[in-house]
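Since every read-out is calculated from the coordinates, none of them should be taken as a lab result. Everything numeric in this text was worked out from a predicted model, so none of it was measured. Glycine also receives a Cβ, built like all others from the backbone with ideal geometry; neighbour counts cover every protein chain displayed.
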Amino acid sequence: MESPRTLQSAILFFSDEQRSIDTVARMRWIDGVVRCPFCDATGAYWIKTQKRWKCRECREQFSVKVKTVFEDSPISLSKWLPCLWMLANCKNGVSSWEIHRSLGVSQKTAWFMLHRLRLGIQAPQPQFKMGGSGSEVEVDETFIGAKAKNMHRARKLRWQQERNKIPNSQSTRMTNERTYGKTPVMGILDRTERKVRANVIPAVKRETLQEQILNQVERGTTIYTDDAVSYEKALSKDYVHAVVNHLNRYVDGRVHTNGLENFWSLLKRSLHGSYVAVEPFHLHRYVDEQAFRYNNRATRDNPLTDSDRFLLALSQVTGKRLTYAELTGKVGDDGTTPVPF
Ligand SMILES: [Zn+2]
């Protein structure tokens, strides 16, 4: 059977349990060598009747799900994998109700599956800074949440207490009426790499914004923001900083934050269209989920397909975090080329 290209063929393909196991195993053990999840020994043998391996060293048995987000779940991979396919590929996100209807699991189960999978594709702690001398980065914030008048009383109170802790001198547009009671999300977009990093930020303070930039962006980078006040101090020294001119956006065609605005609109569409009431506490998972789709979207240099995106997501939920180049075998520092499916 041909490897799946569409959701429909993925559902068919993964309805075969052995094929599902093989797919997860190949993404999990890229070099094709099965390693015991308990003692890391190789040379485990396959027990066909159990659909498990047995380790020759520690004598433990393990299925392909052990030590992945699928662990301890009674749900079969024939449901998990199409669910991951939808999460990785539905541009505007997917709700537990859609999973419930498409895959025939209860809505509660679907909710649990999506949360686990989101955990798996959460952005890792970045290992390097973005930008560099000569490159351009957009920085912007957005605010997610209900309008103050629709807010629950307890939440409104909590918000007011938080806001009162911030001295007036440090207030930014994050503390004004338009953004009252909402959760701030900050984004940094590297125009050359065409990748975004977005984080839910805990404190509505100017320092937080500046700290994020100092921690995540190389000095010497050209930074575009559309809010001068929040950034000016920290940026003038270490970065080339240009502020979007809202009266005349076309003064300089490069000074804009349109890339991030595009990302925000995708994020908001997925939150409003598909998800019911996301609590601030959970918001970072949805932000990471959208960043995963955005950073792995098809571009001229990276012509990813739905199938590629699914495999990248699968490599993350099994703990491997392949890049597209590694996935397609363009780069392989250990000389191996993964064979998906
Ligand atoms: Zn072992």
Quiz item: So between Trp29 and Arg321, what do we pick up on full extension, going 0.36 nm a residue minus the alpha carbon distance?
Solution: 103.9 nm
Quiz item: So what's the net charge close to Ser315: Lys and Arg +1, Asp and Glu -1, counting the other residues with Cβ under 14 Å from its Cβ?
Solution: +2
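Taking 25 Å as R0, compute the FRET efficiency from the Cβ-Cβ separation of Asn258 and Ser102 and round it to 0.05. Kindly include the intermediate steps, with their values, before the conclusion.
On the way: r = 34 Å, r/R0 = 1.36.
With R0 = 25 Å, the Cβ-Cβ based efficiency is 0.15.
For region 66-138, compute Rg over Rh where Rg is the Cα radius of gyration and Rh is the Kirkwood radius from the inverse mean 1/r over Cα pairs. Write down the numbers at each step before the final one.
Values: Rg = 16.3 Å, Rh = 14.1 Å.
Across region 66-138, the Cα-based Rg/Rh ratio is 1.16.
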Quiz item: Once you put a point 7 Å from the Cα of Tyr45 and another 7 Å from the Cα of Gln18, both along the Cβ direction, what distance in nm separates them?
Solution: 1.9
